[in-house]
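Novice: The following block contains the structure, expressed as structure tokens.
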Amino acid sequence: MASLESTDEQDGDDGPLSGLSVKEALKLPVQDGNCVICPGKVFKNPFMENTHIESAHHKRRLKRFRALVETLVPDIYSGSASMLVHRMDKEKLEKESQQLSNGQSNRAKKREKYEKQKEKRKLRRLKKKNAADSTEKTTKVTAQPRKKKKRDDTSAKS
């Protein structure tokens, strides 16, 4: 709990939604043209609000927010929602940096796997080609028809 309070003091005032409780944020995430779950989202009209609420980005963040709330102590419900959103973002960044420090990203692993498969295919093609070339050479040598000797026209006339 102490770490939560210290992060709230460091953040300072987050704008008009800084005093919004977690329960209120879960019930109605958009208030006064701002989204509590997605900081920095400001809406000019209700259509923009509805579009944002239905977006995949908002739904993913809301799902992460709910999961974080469920893992915390129940008395945190009285705390600030913006503080909890900040903590959620911080945890995500830490998790991503930890994944990158553990090794390659998933995309890099897939790319490496693809390159290995590509090399294997290339080697197989070369082996097939070399095998086919060697069999062609042996068959050409044994199956070549003999060339007919040309007669000299001068010797035939005499």
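Novice: Please state which one of 105, 97, 101, 80 is open to solvent by 70 Å² or more (accessible area, probe 1.4 Å), among the hydroxyl-bearing types (Ser, Thr, Tyr) and at pLDDT below 85. Steps first, answer last, please.
Specialist: Details: 105 fails: open to solvent by 70 Å² or more (accessible area, probe 1.4 Å); 97 fails: open to solvent by 70 Å² or more (accessible area, probe 1.4 Å); 80 fails: open to solvent by 70 Å² or more (accessible area, probe 1.4 Å).
101 is the lone residue from the list that is open to solvent by 70 Å² or more (accessible area, probe 1.4 Å), among the hydroxyl-bearing types (Ser, Thr, Tyr) and at pLDDT below 85.
Novice: Sticking with this one: Among 122, 137, which is the only one that is part of a helix (DSSP H, G or I), modelled with pLDDT of 85 or more and on the phi < 0 side of the Ramachandran plot? Can you show your working first?
Specialist: On the way: 137 fails: modelled with pLDDT of 85 or more.
Only one candidate passes the filter, namely 122.
Novice: Now, a different point. Collect the residues in segment 25-46 that are open to solvent by 50 Å² or more (accessible area, probe 1.4 Å) and among the aliphatic types (A, V, I, L, M), keeping them in residue-number order.
Specialist: Listed by number, the residues that qualify are 28, 42.
The values are calculated or read from the model by the stated rules, or taken from the named source; none is laboratory data. Just so you know, these numbers come straight off a predicted model, no measurement behind them. The protein model used for the area step is the full one, side chains on, heavy atoms only, and it has no ligands, DNA or RNA in it. Shrake-Rupley method; radii C 1.70, N 1.55, O 1.52, S 1.80 Å.
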